[in-house]
1. Just for segment 336-380: of the residues that are in a loop (DSSP other than H, G, I, E, B) and aliphatic (A, V, I, L, M), which one is nearest to residue 547 (Cα to Cα)?
2. Of all residues in segment 128-167, which are farther than 23 Å from residue 105 by Cα and outside any loop (DSSP other than H, G, I, E, B)?
3. Can you name the helices (runs of 4 or more DSSP H) wholly within segment 1-117 that have at least 3 residues being free of Cβ contacts under 8 Å to residues at least 40 places away in the same chain and under 30 Å from residue 267 (Cβ atoms)?
4. Does residue 492 satisfy being touching an Asp or Glu at 6+ places or on another chain (Cβ under 9 Å) and among the hydrophobic types (A, V, I, L, M, F, W, C)?
5. Taking the stated definitions as given, is residue 120 hydroxyl-bearing (Ser, Thr, Tyr) and either assigned to a helix (DSSP H, G or I) or at pLDDT below 95 (or both)?
6. Determine, yes or no, whether residue 332 is surrounded by 16 or more Cβ atoms within 10 Å (Cβ to Cβ) and of a type in the set (Lys, Arg).
7. From (1) closer than 30 Å to residue 517 by Cβ; (2) modelled with pLDDT of 95 or more, pick out the condition that doesn't hold for residue 402.
8. Filter segment 504-548 down to residues that are among the small types (Gly, Ala, Ser), under 20 Å from residue 302 (Cα atoms) and not in a loop (DSSP other than H, G, I, E, B), then give me how many there are.
Amino acid sequence: MSESSRPFHFLETRVANDLAEGKIAKVVTRFPPEPNGYLHVGHAKSICLNFGLAERFQGDCHLRFDDTNPEKESDEFIQAIQADIRWLGFSWAGEVRYASSYFEQLYQWACYLIDQGLAYVCDLSADQAREYRGTLTEPGRNSPYRERSREENRALFEAMRAGEFVDGAKVLRAKIDMASPNMNLRDPILYRIRRVTHHQTGDAWLIYPTYDFAHGQGDAIEGITHSICSLEFEDHRPLYDWFIQNLPVPSEPHQHEFGRLNLNYTVTSKRKLKQLVDEGVVAGWDDPRMPTIAGMRRRGYSAAAIRTFCDMIGVTRSDGTVDVAMLEHAVRDDLNNNAPRAMAVMNPLLVTLTNVGADHREVVMAPNHPQKPELGERELVITQQVVIDADDFREEANKKFKRLVLGKRVRLRNAYVIEAHGVVKNDAGEVIEVLAEVIPNTIGTDPEDGVKPKGVIQWVSKSEGGRAEIRLYDRLFTEAEPEAGGDFLSVVNPNSLVVVSDAYVEPSLLRAEPESAYQFEREGYFVADRFDHSAEKPVFNRTIGLRDSWQES
């Protein structure tokens with residue numbers, strides 16, 4: 001089903017109605033990440049939603065960094081987020097925007113609230129403020145500083161900006177209702193003193209607005225028509241609206257919530273993802289085991305597969321947990337249709353073809369994709385010595401073993417039928433070499449003597465292929481709900497990464513470009529690593545298996 005013919009979800013219906021009723025002339029959405037970490041799969045859903053709404057209704061989507069907390073933010077995250085959005089296939093309208101660009105306007109609006117008697121400077125410590133705030137069942141109490149005069153509040157706030165107080169000494173709070181059942185309306189903080197260098201504004205500011213104060217006003221400045229947030233912000237909407245109603249903003253955006261994406265076997269808390277990075281559980285924000293967009297990209301997930309997955313799960317008004325197998329299905333389906341085939345041997349065992357010469361070199365052609373002739377063919381080279389997977393050979397085996405056995409035949413994929421007739425062993429009695437003969441005239445046909453091969457195995461020419469490092473990635477957690485027991489690090493999968501350092505790959509893979517995806521026949525789907533892969537040192541990451549081994553287990 002094409003995007004244009006798909007039925008509207010509830011937010012699209014709302015936008016369509018607003019356009020039809022003349023409430024808005026053009027839809028303008030925004031994607032407003034905080035630059036305090038890499039984007040994860042939940043953000044991918046929000047990206048697809050916000051940019052998708054703009055695309056479907058010929059509107060604009062802004063990229064705005066809500067950069068109000070410089071202690072946790074960095075330019076690295078800003079650059080990574082832009083790269084992720086572009087990679088997913090979206091473009092934002094105009095220049096990149098920053099909440100920090102509006103700091104002067106936000107400061108003036110904070111002064112306006114003071115002058116209107118709607119904000120005050122409070123000297124309560126953080127612990128005292130928590131005590132005064134009350135609980136979900138008990139109302140809060142007014143701060144003893146709540147009734148300061150407008151003139152005193154204005155002077156104190158200006159002194160805060162001028163750096164006359166130490167960090168934490170004072171805050172600016174909105175004066176709303178300490179008895180409100182909505183905790184967000186109990187005189188929320190608008191500004192804090194923080195002597196921190198900002199990645200955009202440097203040391204120009206010693207006070208910074210809170211996210212809640214900056215977010216909605218940024219929407220109003222930019223003329224956002226539909227401020228799309230995940231459902232966790234529903235309780236913040238009355239505060240969002242209070243600011244819009246009580247400030248002389250240039251437009252009146254409206255906040256709409258949707259159910260966020262939660263995946264089993266996955267952690268998406270930025271704090272916990274940062275903990276995985278900081279404690280060395282993973283190799284960085286873009287580790288292929290991470291649910292970050294950068295990690296999924298490095299794992300070999302395509303942008304198309306991620307967008308398909310986001311479309312599959314839909315947009316609803318309720319939170320829920322999606323089975324990660326749905327994401328893996330979208331990835332597997334995409335790769336099955338589009339990834340060229342190739343052969344790799346993970347556990348190499350030497351096979352010497354005793355009835356061909358040492359200088360034998362024969363080229364055979366193999367399709368890159370069995371169902372897509374338009375993807376062309378590749379060359380495979382048959383030489384006297386090839387390597388097969390050690391698991392594909394037995395000296396003796398029952399009839400269920402459909403691979404190479406002494407005295408039996410098997411086909412080398414896309415090449416000859418061979419028959420094993422001997423082995424070479426080391427001092428420990430382990431087979432280190434298989435001796436076999438080529439059955440003549442069997443490329444593409446069965447042997448003339450009528451003795452058919454038992455099966456088909458992958459192989460690589462020892463001299464024409466090359467060694468590669470293959471990283472076998474798996475799910476990062478062993479439990480479907482990693483956070484259920486309180487310590488998510490205790491259920492990290494010890495086998496989430498297994499490195500095979502002496503694999504052999506066919507010649508075509510030695511020429512692979514970084515981020516090229518392949519199906520390694522019988523092994524799974526793999527991608528040339530985005531950063532570490534080179535012709536001199538090939539490195540491939542397992543994206544996903546051919547089948548869902550977790551369901552089977």
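The values are calculated or read from the model by the stated rules, or taken from the named source; none is laboratory data. Worth saying up front: this structure is predicted, and the values here are computed from it rather than measured. In this analysis, Cβ positions are derived from the backbone assuming ideal geometry, glycine residues included, and neighbour counts consider all displayed protein chains.
1. 339
2. Residues satisfying the conditions are 128, 129, 130, 131, 132, 133.
3. Correct list: 75-88.
4. Numbers: touching an Asp or Glu at 6+ places or on another chain (Cβ under 9 Å): no; among the hydrophobic types (A, V, I, L, M, F, W, C): yes.
Considered against the rule, which asks whether it is touching an Asp or Glu at 6+ places or on another chain (Cβ under 9 Å) and among the hydrophobic types (A, V, I, L, M, F, W, C), residue 492 comes out as no.
5. Numbers: hydroxyl-bearing (Ser, Thr, Tyr): yes; either assigned to a helix (DSSP H, G or I) or at pLDDT below 95 (or both): no.
Judged against the criteria, residue 120 is not a match.
6. On the way: surrounded by 16 or more Cβ atoms within 10 Å (Cβ to Cβ): yes; of a type in the set (Lys, Arg): yes.
Here the answer is yes, as residue 332 does meet what is asked.
7. Of everything listed in (1) closer than 30 Å to residue 517 by Cβ; (2) modelled with pLDDT of 95 or more, residue 402 misses just condition (2).
8. Residues that pass the stated criteria total 3.
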